[in-house]
Amino acid sequence: MGNNVLIFAEQLGGKFRSVAYEAICQGKKMAQGLGGKAIAVAIGSGVEAVAKDLGQYGADKVIVVDNAKLKDFTVDAYGKAFAEVVSKNDPAVVLLAATFQGKDLGGYASAALGAPLSSDCTEWASQDGGIQVKRPIYAGKAYVTVKFNSQPAVISLRPKVFLPDAPDASKSAEVEKIDLALSDDDFRSVVKEIIAKTAGKIDVTEADIIVSGGRGVKGPEGFAALEELAGLLGAAVGASRTVVDEGWRPHSDQIGQTGKVVSPKLYIACGISGAIQHLAGMRTSKCIVAINKDPEAPIFSTADYGIVGDLFKVVPALTEEIKKTIG
Amino acid sequence: MNIVVCVKRVPDTETKIKIGGAGTKIDPAGVEFIISPFDEFAVEEAIRIKEKLGKGEITILSLGPAEAQAIMRKAYAMGADKGTHLNDATECQDTLAEAQALAAALKGMQFDLLLFGKQAVDYDNGAVGVQVAKLLNIPVVSRIIKLDVADGKATVERESDMGKEIVEVKLPAAFTAEKGLNDPRYPKLMDIMKAKKKPLEEKPAQLDAPKLSIVKLDYPPARPPGKIVGEGEEAVPALVNLLKNEAKAL
């Protein structure tokens, strides 16, 4: 029976993403409770050099699979590498972030290891010698507490809910490099082309602050005021489903039940009524501000702070006021 | 061109969720059930492919209680040809057990394309498509927004953290559908009538004992009540002050 926590250390372009640090910090705490080690697994191309830094977030050891063929993520190739490493390391828990990569990899690992899975968890606790998790269901209208009846268990954590502890520069992890034989059959899906995102555009799932627009923005031009505020704050610009369905903003900006789930430090909802499907995507934000002409808009019941008013006046005023105070 | 589409019966996204007596299930009273919206994109895409090729057969596969058959008939009304209902009344929340039951049924089926929605909007795990593909040892690409099939290969588009990816994969392969793949059609009354006559086979689901269990359901944690800071631009300085000093969000 294993007691180690195997953590997927997600990287993009040879650099670890902040979700990797989040997962490692939690993985370390889980491992301590289980009496085992926190073992990070880094897969990609050019990751070996930075692997030991994961010790600063609590990894006891990092296992690296570094291969030029693994530069682009595909679930089959990364899955094979991940499942193989995990199965050889006495896993009690397999831990990932619930990102694009993490969700695919978690599903693959679950099937490969015959391990039950809980995705996008917002809480966890050591209980009865094992781990229990809590996660949103029905678009966040309810939360379910799940206990695992077998080991290992595959758990993915909602990004930005578990902020990482400050790195301890005095720590570094033992690095073990694995040479995995990879054949063409492991690359049955081939990434032919990547059309990179607009340079400098922050993804809503990465942003600490999001300025989001709904039907009240009235059209694509209306987003200029939101873009200006976002630019000042280093924020991402989000959109409600209506806005995306109308074609004013791309689907990648959509926040909500059929869009992205975000958990930023600050969510500023402009002209968004607050339909339950939208709330599903942002209700775990640390601080929510609502700006809406309609004092009865449901968003005001969820927001921490609200201004009733015309967003075309309030948003520019907000930009000006923040310039003064930060400026 | 044989296409299998897996669909799940889920509560309508508008439904107000009430936790039932024992605290481990939702109260089904007054709940409307639908095809999970992402599964609907998958059904629609299958039909478009069949229409484009002028040939092919679309099979619906659904794991769920007896009432799942009504949902399958909705997919039939959109244009699917036949289907298999794997009967399970347990409301299983163990995605691995569900995937194993689906895979067991799929092993006996021939298909070029296996389609899923990216996640079922009840339990929102988004895992079953990838799990089934792995169990069947076929390639899978998740969250596709475009699907083209030609010469035994599929070319798909998806959005990832890198940007837009174009991925090519040899068939047979599995895909999970993301919003933006298509706009599902509304069946006409005539199609709904025709759907009643299409073949629907029922089998017991081969479900292993679940490896996880539900301890309880809770409502979302209440946020402390918020405050309306004021009206219009005049309220902005007070808001910024609160965000900086009270919420420490700026």
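Each value in this text was obtained by applying a stated rule to the coordinates, not by laboratory testing. Please read these numbers as outputs of a predicted model, since none were measured by experiment. A quick note on method: Cβ atoms are made from the backbone with ideal geometry, for glycine too, and the neighbour counts reach across all protein chains shown.
Please quote Rg/Rh for segment A:4-187 to two decimal places, taking the Kirkwood radius as Rh and restricting both calculations to Cα atoms.
Numbers: Rg = 15.2 Å, Rh = 16.1 Å.
Ratio of gyration radius to Kirkwood radius for segment A:4-187: 0.94.
With a point put 7 Å past each Cα toward its Cβ, work out how far A:ALA166 is from B:LYS18 in nm, to one decimal.
Label-label distance for A:ALA166 and B:LYS18, simple model: 5.1 nm.
Of the listed peptides A:61-68, A:252-259, what is their order by residue-averaged count of other C-beta atoms within 10 Å, with the highest listed first? Provide the component values of the computation, followed by the final result.
On the way: A:61-68: 20.5, A:252-259: 24.1.
Per-residue mean Cβ counts within 10 Å order the peptides as A:252-259, A:61-68.
Within 10 Å of each residue's Cβ, count the other Cβ atoms and sort B:LEU200, A:LEU113 from fewest upward.
Numbers: B:LEU200 17, A:LEU113 20.
Result, fewest neighbours first: B:LEU200, A:LEU113.
Please give the net charge around B:ALA127, taking every other residue with its beta carbon less than 11 angstrom from that of B:ALA127, where Lys and Arg add +1 and Asp and Glu add -1.
Numbers: positive: A:LYS103, B:LYS118, B:LYS134; negative: A:ASP104, A:ASP120, B:ASP94, B:GLU98, B:ASP124.
Charge balance in the 11 Å sphere: -2.
At what distance in nm do the modelled label points of A:GLN127 and B:ASN2 sit from each other, each positioned 7 Å from its Cα along Cα→Cβ?
Going from the A:GLN127 label point to the B:ASN2 one covers 4.4 nm.
From zero outward in steps of 10 Å, how is the percent of C-alpha pairs of segment A:209-326 spread across the bins?
Going from the shortest bin to the longest, the percentages are 16, 53, 30, 2.
Normalized C-alpha radius of gyration of segment A:147-209, against 2.2 N^0.38 Å?
So segment A:147-209 has a normalised radius of gyration of 1.78.
Per-residue mean of other chain beta-carbon atoms within 10 angstrom of the beta-carbon, peptide A:143-151? Please report the intermediate quantities before stating the final value.
On the way: counts 7, 9, 8, 7, 4, 4, 6, 6, 1.
Counting Cβ atoms of other protein chains within 10 Å of each residue's Cβ and averaging gives 6.
So which trypsin sites (Lys or Arg not before Pro) in segment B:170-235 pass both tests, a DSSP loop state and at most 11 other Cβ atoms within 10 Å of the Cβ? Could you put the intermediate results ahead of the total?
Values: sites: B:LYS170, B:LYS179, B:ARG185, B:LYS188, B:LYS194, B:LYS196, B:LYS197, B:LYS211, B:LYS216, B:LYS227; in loops: B:LYS179, B:ARG185, B:LYS188, B:LYS196, B:LYS197, B:LYS211.
Passing sites in segment B:170-235 are B:LYS188, B:LYS196, B:LYS197.
Run through every distinct alpha carbon pair of chain A and return the Kirkwood hydrodynamic radius in angstroms, one decimal place. Please report the intermediate quantities before stating the final value.
Working: mean 1/r = 0.0476 Å⁻¹.
Value: 21.0 Å, from the Cα pair sum.
Highest mean first, how do B:119-128, A:191-200, A:210-219 rank when packing is the count of other Cβ atoms within 10 Å averaged over residues? Could you put the intermediate results ahead of the total?
On the way: B:119-128: 25.1, A:191-200: 10.9, A:210-219: 23.4.
Highest-to-lowest ranking by the protection proxy: B:119-128, A:210-219, A:191-200.
Can you give the calculated 222 nm mean residue ellipticity of the protein assembly as shown, where each DSSP H run of n ≥ 4 adds -39,500 (n - 2.57) and the sum is split over every residue, rounded to the nearest 500 deg cm²/dmol?
Details: 14 runs with 149 residues, N = 577.
Calculated at 222 nm, the ellipticity per residue is -7500 deg cm²/dmol.
At a temperature of 37 °C and a viscosity of 0.692 mPa s, determine how fast the protein assembly as shown diffuses translationally according to Stokes-Einstein, using the Kirkwood radius over alpha-carbon pairs as Rh; express D in µm²/s, rounded to the nearest whole number.
This corresponds to a translational diffusion coefficient of 134 µm²/s.
Run the quick spin-label model on A:ASP208 and A:ASP184: label points 7 Å from Cα toward the beta carbon, then report their separation in nm to one decimal.
4.8 nm
Cα extents of chain B along the three principal axes, largest first, in whole Å?
Principal-axis extents of chain B (Cα, largest first): 65, 45, 40 Å.
If I take R0 = 45 Å and measure r between the Cβ atoms of B:GLN206 and A:LYS201 in this structure, what FRET efficiency does the formula 1/(1 + (r/R0)^6) give, to the nearest 0.05?
Details: r = 47 Å, r/R0 = 1.04.
Efficiency, rounded to the nearest 0.05: 0.45.
Work out how much length B:ALA66 to B:LYS170 would gain on full extension: take 0.36 nm times their residue separation and subtract the Cα-Cα distance, in nm to one decimal.
Details: separation 104, 0.36 × 104 = 37.44 nm, distance 3.54 nm.
Extra length from B:ALA66 to B:LYS170 when fully extended: 33.9 nm.
Mind checking the mean number of beta-carbon atoms from other chains within 10 Å of the Cβ atoms in A:278-285? Can you show the working numbers first?
Working: counts 0, 1, 4, 0, 0, 3, 3, 2.
The shielding value for this peptide is 2.
Could you tell me which of A:ALA59, A:ALA173, A:SER150 has its Cα farthest along the dipole of segment A:52-206 towards the positive end, charges placed at Cβ (Lys, Arg +1; Asp, Glu -1), taken about the Cα centre?
A:SER150
Which links in B:LYS107/B:LYS146; B:LYS50/B:LYS197; A:LYS147/B:LYS25 stretch past 23 Å when you go from one Cα to the other? Walk me through the numbers on the way to the answer.
On the way: B:LYS107/B:LYS146 26 Å; B:LYS50/B:LYS197 20 Å; A:LYS147/B:LYS25 15 Å.
From the list (B:LYS107/B:LYS146; B:LYS50/B:LYS197; A:LYS147/B:LYS25), the Cα-Cα distance tops 23 Å for B:LYS107/B:LYS146.
Straight distance only, please: which aspartates and glutamates reach the Cα of B:LYS244 with their own Cα at less than 13 Å, same-chain residues fewer than 8 apart left out?
Partners found: A:GLU321.
Give me a single rounded figure for B:173-180: the average over its residues of other chain Cβ atoms within 10 Å of their Cβ.
On the way: counts 2, 0, 0, 3, 0, 2, 8, 6.
Shielding by partners across B:173-180 averages 3.
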